[in-house]
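Working notes, structure below.
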Amino acid sequence: MANYLLDPSVCFLNHGSFGSTPSQVLALQDQFRKEMEAEPIDFLLRNHPKRWADCRNKVAEFLNAEPDGTVFVHNATDGVNAVIQSFPWKEGDQILTTNHRYDAVRNTFEHMVGRYGVEVVEASVPFPINGHQQIIDSIEAAITPKTRLIAVDHITSPTALIYPAEELVKLAHAKGIPILIDAAHTPGQIDVDIQTLGADFWVGNLHKWICAPKGVAVLSVAEQWREAIHPTVISHGYGQGLTEEFTWCGTDDPTAIYCAPKAIEIHQSQGGSSFRSAHHQLVQTGREVIAHALQVELPHPDSQSLYGSMASIPLPCSVEQAPDLFAALRTEDKIEVPIIIWDNRVWVRISGFAGYNRPEQYHQLAAALQKRLIGE
Ligand SMILES: Cc1ncc(COP(=O)(O)O)c(C=O)c1O
């Protein structure tokens, strides 16, 4: 059984930002670190390439990705930066994203505006929303002859919405446009099949819902782009292909990578897809309980195609009240949950992780929100 070090006195409902890694995985990481300190040259020079490749092969198998196109990066931000900074931009090119994108990723796009004169276009995806067609239609409507790359989330951060990634890849390719899927939240939250998805670029974290140690994510690159993509830090492997370039980006601690297969093994032993469904069921309960307590409308139908292990619920308060509400929940009620300002409204984004969350915790949050926002 997996064991977690979370402080039991906190009602922790923010696995979506950062979750807790099982202590079995941390113990393995400790062992690797001891080995590294006992024989640094063996560990980092002689043994690293094979260990890195073995881990990469196991992770690629779990994600159904081609091993030759799959590399480790530190996090989703790093993976998105590798693609965006390597992409052959020309002045006037447009990057098409949506209004639900992650702010740090938007900054990566903005950086290209100053550097290459590209333009960032945001399709406006409605929220509240009824279904996937509205997402597809909004993105299609924002495509122009200048759209050079579509860069969209698989699961959005502020709104916790699952985008129809397969249909979006088909749409992009029908228009002859490459597509980057920001799947930061996807591995361990919903099923992943990178080869069937067929995106040009795919980036996903293992340190979120797979609970690997912090600092391990995957970048998967379609064959035709592999020569073009370089890591954010250029080192010894430059020009020698994707694997060589990403295996070594300067001296670093690779132990999070080495623990990724163990984290996947634990995830599978917890049930794999049934574990992921158990996360969803927690959130399904949570969003109903909170919406009922606050008498607010939920922003989308109760469909597993629209949300996974997170859900955003609108709060009946003003944007100005949000910081105080967040602070009071955390310090007085001992509830860790993100209060998000998005589209000029305030949202609470709940997470459900079946390894340590329980339905009562959503009742606790609902009662705290009710007391603070409605006063009953
Ligand atoms: C959609 C999306 N992209 C990128 C990131 C960045 O992930 P990381 O901090 O691991 O780089 C996040 C983080 O939550 C995210 O939600």
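The values are calculated or read from the model by the stated rules, or taken from the named source; none is laboratory data. All of these numbers come straight from a predicted model, not from anything done at the bench. Cβ coordinates were reconstructed from backbone atoms using ideal geometry, including for glycine residues, and neighbour counts include every protein chain displayed.
Summary table
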read-out	value
Qualifying residues in the range 92-133 (those that are basic (Lys, Arg) and within 18 Å of ILE155 (Cα to Cα)) - the one farthest from the chain's Cα centre (by Cα)	ARG106
Considering residues of the range 170-194 that are closer than 21 Å to ASN81 by Cβ and either away from the ligand (no atom under 16 Å from the Cβ) or not assigned by TED's automatic domain parsing to the domain that holds SER124 (or both) only, the residue nearest to the chain's Cα centre (by Cα)	ILE194
Total residues in the range 195-247, condition part of a loop (DSSP other than H, G, I, E, B) and either within 16 Å of the ligand (Cβ to nearest atom) or under 19 Å from ALA76 (Cβ atoms) (or both)	19
Scope the range 49-66; condition of a type outside the set (A, V, I, L, M, F, W, C), in contact with a helix residue (DSSP H, G or I) (Cβ under 7 Å, 6 or more places away or on another chain) and part of a helix (DSSP H, G or I); matching residues	PRO49, ARG51, ARG56, ASN57, LYS58
Residue match in the range 111-128 (condition: more than 27 Å from ARG148 (Cβ to Cβ) and modelled with pLDDT of 95 or more)	yes
Failed item in (1) more than 21 Å from the chain's Cα centre (by Cα); (2) assigned to a helix (DSSP H, G or I); (3) closer than 20 Å to SER157 by Cβ, with LEU298 passing the rest	(2)
Tally, over the range 127-138, of residues that are surrounded by fewer than 24 Cβ atoms within 10 Å (Cβ to Cβ) and within 16 Å of the ligand (Cβ to nearest atom)	1
Residue within the range 145-162 that is out of contact with any Gly (no Cβ under 9 Å at 6 or more places or on another chain), on the phi < 0 side of the Ramachandran plot, small (Gly, Ala, Ser) and assigned to a helix (DSSP H, G or I) present	no
Residues that are surrounded by 17 or more Cβ atoms within 10 Å (Cβ to Cβ), in contact with a Lys or Arg (Cβ under 8 Å, 6 or more places away or on another chain) and over 16 Å from HIS100 (Cβ atoms), drawn from the range 153-177	none
Verdict on ARG115 being of a type in the set (Lys, Arg) and within 27 Å of ALA142 (Cβ to Cβ)	yes
Tally, over the range 64-80, of residues that are away from the ligand (no atom under 16 Å from the Cβ) and touching a residue at least 60 places away in the same chain (Cβ under 8 Å)	6
Test for GLU245: is it over 27 Å from ILE190 (Cα atoms) and crowded, with 21+ Cβ neighbours inside 10 Å	yes
Tally of residues being within 15 Å of the ligand (Cβ to nearest atom) and either surrounded by 16 or more Cβ atoms within 10 Å (Cβ to Cβ) or at positive phi (or both) across the range 90-105	8
Filter result for LEU45 (closer than 30 Å to VAL348 by Cβ, more than 16 Å from the ligand (Cβ to nearest atom) and surrounded by fewer than 18 Cβ atoms within 10 Å (Cβ to Cβ))	no
Of all residues making up the range 178-197, the number that are surrounded by fewer than 17 Cβ atoms within 10 Å (Cβ to Cβ) and either among the charged types (D, E, K, R) or within 24 Å of ASP93 (Cβ to Cβ) (or both)	2
Check on ILE84, within 16 Å of the ligand (Cβ to nearest atom) and either in contact (Cβ under 8 Å) with a residue 40 or more places away in the chain or in the same structural domain as CYS249 (by TED's automatic domain parsing) (or both)	yes
